[in-house]
Amino acid sequence: MFNSELMKKLSDCFGPSGREKLIREMIMDEIKGLADEITIDPLGNLIARKKGNGKKILFSAHMDQIGLIVTHVDEKGFLRFANVGGLNAKELLGLRMVFDNGLEGVICQEELKDKEKLKISKLFLDVASTDKEFIKKNFRTGDMCVFKTEYYETDDCVICKAADDRIGCYILIEALKKHPPTENDVYYVFSVQEEVGCRGAKTAGYIIDPDLAIAIDVTATGDTPDGIKMDVKLGGGAAIKLKDNSIITHPVVKDLLTELAEENKIKYQYEILEFGGTDAGPIHTSKEGVPSGVISIPTRNLHTSGEIFNKFDVEECIKLVIATAEKE
Amino acid sequence: MFLKELTELSGVSGCEYEVRNYIKSKLTDMGCEFYVDKLGNIIAHNKGRKNKTIMLAAHMDEVGLIVTNIDSDGFIKFEAVGGIDQRVLNSKPVLVGEKKIPGVIGSKAIHLMSSDEKEKALPIDKMYIDIGTSSKSETEKLVNIGDYVSFKSSYAEFGDNLIKAKALDDRTGCSIILELLSQKLDADFYGVFTVMEEVGLRGAETAAYQLEPDLGLVLEGTVCADMPEVEEHDKSTLIGKGAALSLMDNTTVYDIDLVRSIAKIAEDNNIMYQYRKSAAGGNDAGVIHKTKNGAKAAAISVPCRYIHSPVSVASKKDIESVLLLTKLVILENQKGEKHV
C-alpha cells in the first residue's frame, strides 16, 4: 500500500540545497527508533545505520530540492534571485513560490520584446506587499524559496513537487521500516546538496567507506508526446541505471540488481540517461573506489513544479532496496 | 601592509614561487611556524586557544599567460592561464619567464582590421607578445616554451583610499592572512597560502586534506560590479561598502547559520559588510567544505573592480573590514577554556 500521507509530508517539506534543516528533522522524526544509530555529519547528511558484521552497504537518497536564492531585495517588494539547482527561466514564469517561514511570492518578468530571450536575471519575485516595513523585516538576501504546489494523486500516479528526490527518501524510509534480518552493515543516507553537484554524497561516501553503494533517485522517461528517446516508462518497474554523466554502473552491481529483481519477481527496466548524475557519481570514486549503482524511479517533468511518478514503480524500488540490503 | 610588495611579484598559477618565497621570509621574520606541502601550498600555524580546527585560505596564484610557440619572426604566441578577460590583453606590457624579459602584447593595428574584426573582442590566437627581437633564434635565447607571463603593473594609491594593482585577486587575501599571523592572537588557526586556485581550486584541496578543518574561512578578492549601466540588483558587490559575505556560488552553498553569525559579528562591532549578490564564480571554499568528512566554510571577500585584468582596483577600507571581521570570527570560534 502506498503511504500517501508520508509522501505528501515529504513533498511539502521545505528543503532546498544547503537548507535541509526542516526536511532532515522531518525524516529523523519519521525514522525514530528504526535504526541502531543515527548521525548527522558536518555537511548535514542524515545517516541511519542498521548494524551488522557483514558487507557494508550504503543507500543514498537526497533530501534537497531545487529552489531559488534571493540575491537582492528592493524596498518595493521585488526580489531578484538566482537558481539553486537546474531550473529554466521559461518554466518559472508565473509560478507561486514559498519560503521556509510560509511567506509566498509569484514569479514575474520584466517587459521583454523578445520572449525567447527570457533569462532568470529578467525575472523577479513579487511578494505581494506594498508595506516597506514588512518587506524589510521578512526578506533578506540569501533567503531561499521553493515551488508551492499541492500534492495530488490518482489511483496509480502522483503529481507533486520535489519528487526529485523525496520519492527516494520515501523509498529508503519504507525500506528501513521493513529492514530484513541480515548480517550486512547497512547505512541509509539522506544526503544534502545533490542538486548543486552531489556534494553531500561526497563526504558521506568518505565517512562510511562502503563495499557497495546504491543511490535511489529519479530518472527521466521517454513515454511522453514528442519526448526524448529513452526506454524508460512509468509503470515499467524499478529502473536499473546502466549509465549517466556521473557513473557507468559497475558490472557486478548491474548483475546483482538484475539477478535480485529476477529472483524476487520484481519488475525492472534498464535505464540509460544521456544527461545528469546522482549521488553514485562521487561515491563510486571515493577513497579506493566503491562498486556502485542506482535504482531509479521513472519520473516525468523533472525539475518542474509538477513531477509525476507511478506508485507501482515505487513499490518495486522498495522491494529491490530490501533485497539488496539482505543479499550476502 | 604587505600588499604593495605582494602585488608586484609574479605568481601565475603553477608558478607561485616568487610569492611563496616572499611569504616564507615574512613568516620567518615574525617567528611563525610553517611548512610547504608537496603542491607548494604554505601552511602556517598560529597556536593558541582552540575549540576547533580553523583553516584560513588565500591563494597566491594569479591569472596570466603561458608561452606556447615562438614564430619565425620571433613573436611569442601564448595561452591563458585561468580566466583571463581577453578584451584587456591587447597592448599591455608583460614580463616573460624567470628572467622577466619585458614585452608587450601586440596585434594587427586597427587600420588593418576588417569591420567584422573591429566589432569583436580580439581572440587570443590573434595576439602575440613582442619582446623586441627580430628572429626566432634571438627570442629563443631569452624565452622558452612553457615560460609563464605576468602582467607588468605597479601598485598605486589614488582617490578615496583606493588601490590600483594587478593580482588583487588574491594578494589582498594573502596580505590579510600575513597580517593576522603577525598579530599572534591567542586563538588557534592555520593560515594557508594556496596554489593553483585560478585553474580549479587545486592547492586548497590537498591543504584541506592535510588539515581536516572544522571551519574554513576563505579570504578572497571578488568580483565587484558597481559600474555605470549595471542595475542595482546586478551589482554583485560595491567598492567601499565593506567585507563581502558569500551566500552561494558555483562551488559552494555556504552554511546560512555560519554566514548570518558572521554578519552579526560585523553588526555588533560596526564593521561594514555586504552580501555578495551573485551566485556565479567560485573559490577555495568549494573544495574545502567537501574534503574528507566535510567542513563548514565561509568566504569573506574584498570587492575588486576590473578583476582578472592588469589594473584591478580595491579599497583599503574594505581590506581593513575583512581583516577585522576575520579576526573577530576566529576569536569568537576559539572562545572557551580548551588550550592546545
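Nothing in this text is a laboratory measurement; each read-out follows from the coordinates by a stated rule. Fair warning: this is a prediction, and the values are worked out from it, not measured in the lab. For neighbour counting, all protein chains shown are included, and Cβ atoms are generated from backbone atoms with ideal geometry for every residue, glycine included.
Things worth noting here:
- Scalar couplings 3J(HN,Hα) for segment B:287-297, obtained by applying the Karplus form with A = 6.51, B = -1.76, C = 1.60 to θ = phi - 60°, are 8, 4, 6, 9, 7, 6, 6, x, 8, 7, 9 Hz; x denotes Gly and Pro.
- Compactness index (Cα Rg / 2.2 N^0.38 Å), chain A: 1.00
- Taking 0.36 nm per residue of separation and subtracting the current Cα-Cα distance, fully stretching the chain between B:Lys335 and B:Asp71 would add 88.9 nm.
- When the alpha carbon gyration tensor of segment A:113-202 is reduced to an equivalent ellipsoid, its three semi-axes come out at 38, 19, 16 angstrom, largest first.
- Relative contact order (%) - chain B, alpha-carbon pairs under 8 angstrom, separation at least six: 24 percent
- Relative to the dominant Cα principal axis of chain A, helix A:199-208 is inclined by about 30°.
- Taking a straight Cα-Cα cut-off under 24 Å and skipping sequence neighbours fewer than 8 places away in the same chain, the lysines within cross-link reach of B:Lys292 are A:Lys21, A:Lys50, A:Lys51, A:Lys55, A:Lys56, A:Lys202, A:Lys287, B:Lys38, B:Lys47, B:Lys50, B:Lys52.
- Inter-probe distance in nm under a simple model that places probes 7 Å from Cα toward Cβ, at A:Glu5 and A:Asp114: 5.4 nm
- Taking B:Ser236, A:Ser296 and counting other C-beta atoms within 10 Å, the order from fewest to most: B:Ser236, A:Ser296
- Ranking of A:Phe78, A:Phe14, A:Phe59 by count of other Cβ atoms within 10 Å, fewest first: A:Phe78, A:Phe14, A:Phe59
- Principal axis dimensions, chain B - Cα atoms, whole angstrom, descending: 69, 45, 37
- With one equal scatterer per alpha carbon and no solvent term, the Debye-computed log10 I(q)/I(0) for segment B:65-151 at 0.14, 0.17, 0.20 1/Å reads -0.46, -0.66, -0.89.
- Long-range HN-HN contacts of A:Ser246 with modeled amide H, under 5 Å: A:Thr278
- Annotation for segment A:120-161: GluC sites (Glu not before Pro) lying in DSSP loop with at most 15 further Cβ atoms inside 10 Å of their Cβ are A:Glu150.
- Seen against the Cα atoms of chain B and their longest principal axis, helix B:256-268 is set at about 80 degrees.
- In terms of surrounding Cβ atoms within a 10 Å radius of their Cβ, B:Leu178, A:Leu242 rank from fewest to most as A:Leu242, B:Leu178.
- Taking label positions 7 Å along the Cα-Cβ direction at both B:Glu138 and B:Asn90, the computed distance is 2.5 nm, reported to one decimal.
- Shielding of peptide A:294-300 by partners, expressed as the average count of other chain Cβ atoms within 10 Å per residue Cβ, is 0.
- Alpha carbon centroid spacing (whole Å) that separates segment A:171-203 from segment A:269-328: 11 Å
- The calculated FRET efficiency for the pair B:Asn161 and A:Lys265, based on their C-beta separation and a Förster distance of 60 Å, comes to about 0.20.
- Contact order normalised by residue count of segment A:80-154, Cα under 8 Å, 6+ apart, percent: 37 percent
- Chain A, relative contact order in percent, only Cα pairs under 8 angstrom and at least six apart counted: 23 percent
- Shown here for segment B:104-186: trypsin sites (Lys or Arg not before Pro) in loop regions (DSSP other than H, G, I, E, B) with at most 16 other Cβ atoms within 10 Å, namely B:Lys108, B:Lys120, B:Lys184.
- Intensity falloff of segment A:67-147 expressed as log10 I(q)/I(0), Debye formula with alpha-carbon point scatterers, at q = 0.16 Å⁻¹: -0.54
- Relative to the longest principal axis of the Cα atoms of chain B, the long axis of helix B:168-182 makes an angle of roughly 40 degrees.
- Of the Cα atoms belonging to the protein assembly as shown, the radius of gyration and Dmax stand at 27.0, 83 Å.
- Calculated FRET efficiency, B:Leu112 to B:Glu229, Cβ-Cβ distance, R0 = 45 Å: about 0.90 to the nearest 0.05.
- In nm, spacing of pseudo-spin labels at A:Lys55 and B:Ser182 (7 Å Cα→C-beta vector): 6.0 nm
- Part-to-part distance (alpha-carbon centres) for segment A:91-168 and segment B:245-302, which is given in Å: 24 Å
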